[in-house]
Amino acid sequence: MAASGTDQARVCFATLLTTDSYMHGALTLAASLRATGTHHEIICLVADGQLSRSALERLARAFDRLVTVPLLNTNDASSLALLGRPDLGSTVTKIGVWALTDYERVAFLDADTLVLASIDSLLCLDLPSELAPGDVHVGRDFRANGGMLNEGLLAAAPDLGWPDCFNSGVFVAKPSDATHSGLLSLLATQGSFDGGDQGLLNAYFADWSRADHTRRLPFAYNTTSTSFYTYAPAFAHFSSAIKVVHFIGAHKPWKWHRALDGSLLLGCTAATPYDSNASPFAVFVEKWWNVHDEYVSLWSPDKGDFNADVALSLSEQYASADVLQPSTTPQTVLLPSSHAMDDAWKRAGTDYSNVEARTTDNDGWSEFMPASDFALSPSTSGPSSSHASSVQLHRNAD
Ligand code: UDP
Ligand code: MN
C-alpha cells in the first residue's frame, strides 16, 4: 500500500493510541484517509503494553504498520485539572513521532480527527515553485533559510484557545534523534505547562508562531470543533474548504448516543456540548459515523472491506426498532436481544446500535460506555418484539 520507492524519501501519516478506548477513532481516521485515495503509508504508534490483543489485531488490519513506543506521562495532576482533562497526561507519548527516524517526514493526526479531503500535500517533498491559492507549502522557506529554525516541526495550525500556540492534534514533523531527546529532556526537567503533549510541544517549538510563516498550516487542516461557536460567520464562509475535522474535548464522536437506525441522538446526553440540530458540527459527527459504519464497524476480517450481506441483515433486524427521543426523563429503548447482538458481533466485528448498553467486554467496546452519564436496568414495561429486549435508560443521580 505504501508508495515509497527506494530512491524516494520515506513519508507517512501517523496517529497514536495509548488506550483501547480511542481505537474506533484511530480506525475511522485510517478509513477516512484511505477514502481520499492516498498511497502514502498510514501507521499507528501504540503505547507499549497498553492495548488489548484484540485491539492490536484490528489495528494491524487497518494500518500499514504499528510502531510500539514507550508510554510516557506527565503525571501533572494540577495542570491537567486546569485543562479540565485529567485523562491527557499520557498524550506526551506522542513525542515518539520524532523517534521515527526511518521517515523523513511524518504528518501526525490525533485519533479524534476525521479527514474529509486529500491532505497528501502535507507529505509532498518536491515542492513546486508556484502554488495555487489554498495549497499548503510546507518548509520551503525553512530550506531556503539554510535550516536556521528548529527543523523538527515543519507545520501546524493555530490553537483557538491561544493562537500563538499551535494545536498539536495535526502537525508535520521531521523526526530526528536530536529533537526526540530534546523533547524527552524538556519533559523530564520542566514537564508540560498544560499537563499534556500540546504544552510540551509548544514550549519546545516556541518559535512556531513567529519564525517562519510557512510553518503555519491553514486552519482547514485542523478545524477544531469549537470554531463554530467562536466565529460562526467564518465557519460558514470557509466550511467547504475543511480538510480535517478535529473533535477536541472530552465528548468524542464515538460517545454520542444513537438510535437503533444509526441516527444521532442529538442533545440526548448530558455531556453533549452541541445544541441539537443547530450545530453544524453535529454534521461532522454524523460524517464520522458514516465513515465508521461503512468502513469500520462492518469491516470483514477476512475481506478487509465492507460486508454488504451483514449490513443488510443488520438493517433488517433493526428496521422495526423504536427510536429513543432526547429527554431527561427515563426512556425506553429497544435493544436487539443479546443473542442477536452476539451474533452480529461475531459476523460484523461490532454492533450497529452504540446504545452504550453493553456489559460484556467485546473488542474493547464496553470501554466506550460513558458509565457516569447513564445506567441501564431491566424494564418490566415497554414494547418488545422477537428481536428486541426492553431496557430502561436513565441518568445516574450524580
Ligand atoms: N489518546 C489515546 N487515549 C486516551 C487519550 C488520548 O489514545 O485515553 C491519544 C489519541 O490519539 C488522542 C490524542 O492522544 O487523539 C490526544 O488526546 P485528545 O484527542 O483526547 O485531546 P484533545 O484533542 O481533546 O485535546
Ligand atoms: Mn484530539
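Listed values, structure above:
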item	result
Other-chain or far-sequence residues with amide H under 5 Å of ALA111's (modelled H)	LEU16
Of every Cα-Cα pair in segment 210-257, the percent that sits beyond 15 Å	54
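Here, each number is a calculation from the coordinates, and none is a lab measurement. Keep in mind the model is a prediction, meaning the values are calculated, not measured.
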